[in-house]
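Here is the structure we will look at.
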Amino acid sequence: REELQEVVDFLRDPRRFEQLGARVPKGLLLYGPPGTGKTLLAKAVANESGATFFAASASSFVEMFAGLGAARIRRLFSEARKHAPAIIFIDELDAVGTARMGGGLHREHDQTLNQLLVELDGFDKQEQVVVMGASNRLQDLDTALLRPGRFDRQILVGPPDVAAREEILRVHTRGKPLHSDVDLGLVARQTAGLTGADLANIANEAAIFAGRGGRKQIQHHDFDAAMERIVAGLQQRRVVTEKEKRILAYH
């Protein structure tokens with residue numbers, strides 16, 4: 001959060017940094033497990049800074065027709081420069097940024113990646129355009145993409161801690177009728193290691209369980225049932241045969 005706040009401050013008031021000879025990082029790479037909120041963080045940075053937000057999925061640059069992916073990247077960066085200060089967000093960067101293979105077998109992929117590298121390096125120092133990327137697989141990205149001057153700041157977005165999990169649950173239960181016995185702090189302590197997407201799913205499943213039971217409010221045992229379903233799967237109601245009991249006992 002602190003590292004992203006610096007980008008917000010720069011886009012709001014670039015002169016404060018420029019008079020000291022500082023330049024904003026051209027590229028920020030958000031990496032971490034799926035569902036931790038990388039895309040949401042990029043949107044939040046754009047909203048906080050008042051910058052124009054350009055979002056694209058890296059898979060949209062990968063085409064069967066030679067040169068089309070590179071042309072799309074050129075067009076995207078050209079539009080962003082016209083609307084500076086701007087943030088370009090490229091989701092699932094590994095679709096286009098994976099290491100180059102050589103040998104001419106992946107020429108279209110390499111051409112698209114080369115164009116992205118050129119655009120990242122071609123920025124003027126005074127240009128208020130920041131590129132943000134999101135990836136789940138940092139180890140697969142091309143080393144030229146991660147060098148200083150391109151994606152020179154890499155920010156790990158990990159699973160939330162207990163306080164953050166409680167805040168996320170409050171966001172996803174906003175507007176839902178909760179019973180007085182619901183303790184979101186307890187739910188947060190029971191969901192260690194889960195991501196924001198998992199917590200949103202738990203809040204939704206709890207509402208579904210309450211609706212299935214014909215209740216007007218979501219009770220705490222609905223959250224317990226939702227957590228069991230997310231972690232262990234739906235409870236099976238079939239009868240275990242004597243043969244299966246014997247096999248279970250052996251193993």
_Rg and Dmax [Cα atoms of the chain; Å; Rg one decimal, Dmax integer]_ = 23.5, 80
*Starting from the amide H of Val182, placed 1.01 Å from N in the peptide plane, find each other amide H under 5 Å away whose residue is 5 or more places distant or on another chain.*
His220
_Alpha carbon convex hull of the range 172-233, volume per residue in cubic angstrom_ = 76 Å³
*Residue-normalised accessible area of the range 128-251, given per residue in Å² at a 1.4 Å probe*: 60 Å²
*To the nearest 10 degrees, how steep is helix 220-232 against the longest Cα principal axis of the chain, on a 0 to 90 scale?*
70 degrees
*asked:* List the residues, sorted by chain then number, that are 5 or more residues from Gln154 or on another chain and whose placed amide H is less than 5 Å from its amide H.
replied: Leu29
*Measure off, as a whole percent, the carbon and sulfur share of the 1.4 Å-probe accessible area of the chain, all protein chains present.*
51 percent
*Taking only DSSP H segments of four or more residues, each worth -39500 (n - 2.57), what value at 222 nm results for the chain once the sum is divided by all its residues, to the nearest 500 deg cm²/dmol?*
-14500 deg cm²/dmol
*Selected from His251, Ala134, Ala55, residue furthest toward positive end of dipole (the chain; charges at beta carbon)*: His251
*For the chain: lysine pairs with Cα atoms under 30 Å, gap of 8 or more or different chains, count?*
12
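The values are calculated or read from the model by the stated rules, or taken from the named source; none is laboratory data. Bear in mind that the values here come from a model prediction, so they are computed numbers and not experimental data. Note: ideal-geometry Cβ built from the backbone for every residue, glycine included; neighbour counts use all protein chains shown. Protein only, heavy atoms only, side chains kept; ligands, DNA and RNA dropped before computing areas. Shrake-Rupley method; radii C 1.70, N 1.55, O 1.52, S 1.80 Å.
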